[in-house]
Amino acid sequence: MKKVIRPTLPKEISIGVLILIFSLAFILSGQLFDSHANVDSPNIYLGMFLVSSAAIIMVIILWEEILFPIHVKPKDGEIVFRNHRNKLKAQALIYLIIPAIVVFLYLNYKVNLFYFISWAVVNLAAPVIGKLISGIHNYNDFLRLNANLIEYKNNEKEGTIQIKDIKNIELVKADGFLSKLELDLVHQGRQTIDLDEMELDEFYETIEQYITTQYDSLIKQNKA
């Protein structure tokens, strides 16, 4: 059974926020078009609709709580934490609508280049910088925890550590949030798992709860 870590916002709130953003973007979108164009033309209103739609798509990608819940699926005492690939694929597909809108507007409307380029840069760059680059970079990262082992992959770093080979586990925190796991091993010295490099921010609390419960006897004094 899936355990929801972060639900989506209530539909009423999500819809209300999106309507508000769409309305503001629609009102301001007229600045993107050449002032000499006929603002009464239905085509202009279509263009304003598309501008506002691009803004909504950007918000949906950046503000994941609107559309993308976060959950884990414990199975046989094991939990695997990973960057949700289906979410990332959906975000990437949704994102493709933005450049399509930008190109369509540029080719079919007389635009004010200054405002249009500024709008296009924000809408094209914000989702990539804010979510997609990090998600793609950490696409294969994961942390697997069960009674017998800790397994992880962090880009070029990966490993499997048997619980019987661990002397103690130190939970390292940054700004009050779990950041790293430092494992003091019986034969291999210390090994660090950098959770803060693995796109697992939403899972920090759940990871800490599982470790402090499952590996209670191994927990060392936490670092602040």
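The values are calculated or read from the model by the stated rules, or taken from the named source; none is laboratory data. Note that the structure is a prediction, hence the values are computed from the model and not measured. Note that each Cβ is placed from the backbone with ideal geometry, even for glycine, and that neighbours are counted across all protein chains shown. To get the accessible areas, we keep the full protein, side chains included, count just its heavy atoms, and leave off ligands, DNA and RNA. Shrake-Rupley method; radii C 1.70, N 1.55, O 1.52, S 1.80 Å.
Some notes on this structure:
- When the solvent-accessible area of the range 1-149 is split by element, carbon and sulfur atoms take up 69 percent of it, the probe being 1.4 Å.
- The calculated 222 nm mean residue ellipticity attributable to helices in the chain amounts to -13000 deg cm²/dmol, summing -39500 (n - 2.57) over DSSP H runs of n ≥ 4 and dividing by all residues.
- Directionally averaged shadow of the range 1-160, computed from the convex hull of its alpha-carbon atoms, nm²: 11.5
- Given K87/K167; K153/K173; K11/K173; K75/K164, the pairs whose alpha carbons are separated by over 27 Å: K87/K167; K11/K173
- Among the GluC sites (Glu not before Pro) within the range 124-222, those in coil by DSSP and having at most 14 neighbouring Cβ atoms inside 10 Å are E156.
- Computed with every protein chain present, the accessible area of H137 is close to 120 Å² [probe 1.4 Å].
- Check: the range 184-224 dipole with +1 on Lys, Arg Cβ and -1 on Asp, Glu Cβ, in debye: 400
- Size descriptors for the range 7-91, from the alpha-carbon set: Rg then Dmax equal 18.6, 67 Å.
- Overall dimensions of the range 70-113 by Cα: Rg and Dmax, Å: 19.2, 61
- In the range 167-224, the alpha-carbon atoms span a convex hull of 77 Å³ per residue.
- For the range 94-177, the alpha carbon convex hull comes to 145 Å³ per residue, rounded to a whole number.
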